[in-house]
Amino acid sequence: MTVAMEKQRRWPGLIEHYREFLPVSDSTPVVTLLEGNTPLIEITGISEAIPKGVRVYVKYEGLNPTGSFKDRGMTMAISKAAEEGAKAVICASTGNTSASAAAYAARAGMRCYVVVEGGAIAMGKLSQALIHGAKMLSVDGNFDTALRLVREVAQRLPVKLVNSVNPYRLEGQKTAAFEVCDQLGEAPDFLAIPVGNAGNISAYWKGFKEYRGVGRIGKLPVMLGFQAAGAAPLVEGRVIPSPKTIATAIKIGDPASRRLALAARDESGGRIEAVSDEEILDAYQKLARMAGVFCEPASAASVAGVVKLAGKGFFQQGQRIVCVLTGHGLKDPDRAIASAEPPVTIPATIEALTEAIKA
Ligand SMILES: *Cc1c(COP(=O)(O)O)cnc(C)c1O
């Protein structure tokens with residue numbers, strides 16, 4: 001193979017790429033959309049508070065096939081469900097899990113049922129679940145209620161639960177930690193991540209520990225989890241019965257992976273802190289306007305949290321921070337439009353256009 005051919009060689013999807021680290025065998029039918037292998041992009045100038053000499057990167061998970069990191073877990077969960085002969089899957093969702101489950105289930109020829117909070121799903125996510133043919137059931141209750149319902153129903157009926165309480169989800173998602181290390185050549189000093197149901201922070205920590213265990217990296221990062229202030233059960237140490245935040249993907253009051261997330265925090269010497277909706281939206285806009293990176297609001301919690309800690313003098317010269325941007329900005333177009341200057345209507349003349357450009 002020539003160098004050019006080698007460079008063009010197709011990424012085989014994360015199960016094939018990281019097969020030795022995953023619970024799959026030759027008899028597992030791999031259901032893949034070639035997820036993973038997302039870019040790690042260095043960003044600068046996001047905040048004065050970040051000292052010079054501290055390098056900040058974003059892991060742009062919005063570039064997965066359905067636009068969020070959920071695809072990493074879903075390729076595993078659906079492949080294992082197929083191996084077990086499942087004909088149908090079910091999940092509760094704030095949106096991205098439903099989009100991902102619907103796409104992978106479609107590919108596997110399975111039925112997909114999703115239970116969501118009525119009126120709470122961002123437009124992009126809703127459109128995805130629907131076009132992939134999922135049966136969407138909207139309830140008068142939040143994500144936590146929906147998750148309770150689907151857990152119960154999956155015990156009674158032959159439908160496979162594909163929320164992150166399904167252990168295969170975390171197995172797939174841990175590969176993002178592998179990629180970060182492969183891309184940097186070592187673990188970063190800090191891994192900053194939004195926390196909702198708390199599966200992803202747990203998966204990253206598992207991934208880092210496994211990579212360390214086989215000697216691919218020489219150190220472990222400090223884990224920094226960020227919740228929205230109105231939905232911060234891990235920060236407040238209590239269930240939040242009615243979580244509130246514009247960051248709908250992390251609007252969760254009773255995280256299923258609470259125990260694993262707290263272990264990730266404590267074992268790594270890290271923190272789980274809250275950021276306000278204002279701080280999240282500020283980071284969301286700055287990422288788009290100054291770094292050219294469009295993520296959904298919940299994703300920007302990682303960057304908002306890093307900016308906040310930087311303001312308290314938390315980081316030092318020479319350190320490397322990776323912020324996980326969990327989902328694509330197009331998921332929530334309404335929020336983007338509401339957060340920017342509206343378009344201006346002008347007459348279709350050279351004079352009007354000249355005037356508008358000068359202004
Ligand atoms: C699911 C999701 C999260 C939260 O991940 P958890 O594993 O539930 O903590 C954050 N951001 C986006 C965009 C998501 O889709």
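The values are calculated or read from the model by the stated rules, or taken from the named source; none is laboratory data. Owing to the predicted nature of the structure, the values given are computational and were not obtained by experimental measurement. Cβ atoms come from the backbone with ideal geometry, glycine included; neighbour counts cover every protein chain shown. Areas reflect the complete protein model, heavy atoms only, side chains present, ligands, DNA and RNA absent. Shrake-Rupley method; radii C 1.70, N 1.55, O 1.52, S 1.80 Å.
Details
- Residues that are assigned to a helix (DSSP H, G or I), over 26 Å from Lys219 (Cα atoms) and in contact with a strand residue (DSSP E or B) (Cβ under 8 Å, 6 or more places away or on another chain), drawn from the range 242-282: Ala249, Ile250, Asp277, Ile280
- Some residue of the range 38-51 being under 21 Å from Pro221 (Cβ atoms), open to solvent by less than 10 Å² (accessible area, probe 1.4 Å) and part of a loop (DSSP other than H, G, I, E, B): yes
- Residue, nearest to the chain's Cα centre (by Cα), within the range 214-249, restricted to residues that are surrounded by 15 or more Cβ atoms within 10 Å (Cβ to Cβ) and more than 22 Å from Tyr204 (Cβ to Cβ): Ile246
- Contacts under 7 angstrom Cβ, first residue in the range 201-220 being under 27 Å from Pro255 (Cβ atoms) and of a type in the set (S, T, N, Q), partner within 16 Å of the ligand (Cβ to nearest atom) and not in a helix (DSSP H, G or I), 6 or more apart: Ser202/Ser257
- Contacts under 6 angstrom Cβ, first residue in the range 105-125 being within 20 Å of Gly327 (Cα to Cα), partner in a loop (DSSP other than H, G, I, E, B) and open to solvent by 10 Å² or more (accessible area, probe 1.4 Å), 6 or more apart: Val114/Ala134; Glu117/Asn142; Ala122/Asp332
- Given (1) more than 20 Å from the chain's Cα centre (by Cα); (2) not in a strand (DSSP E or B), number of the condition Val89 does not satisfy: (2)
- Selection status of Glu186, in a helix (DSSP H, G or I) and either away from the ligand (no atom under 16 Å from the Cβ) or closer than 24 Å to Met76 by Cβ (or both): no
- Yes/no for Lys331 being modelled with pLDDT of 95 or more, over 21 Å from Ala187 (Cα atoms), buried (at least 18 other Cβ atoms within 10 Å of the Cβ) and within 15 Å of the ligand (Cβ to nearest atom): yes
- Residue selected from the range 87-109 under the condition surrounded by fewer than 21 Cβ atoms within 10 Å (Cβ to Cβ) and within 14 Å of Val162 (Cβ to Cβ), by the criterion farthest from the ligand (Cβ to nearest atom): Lys87
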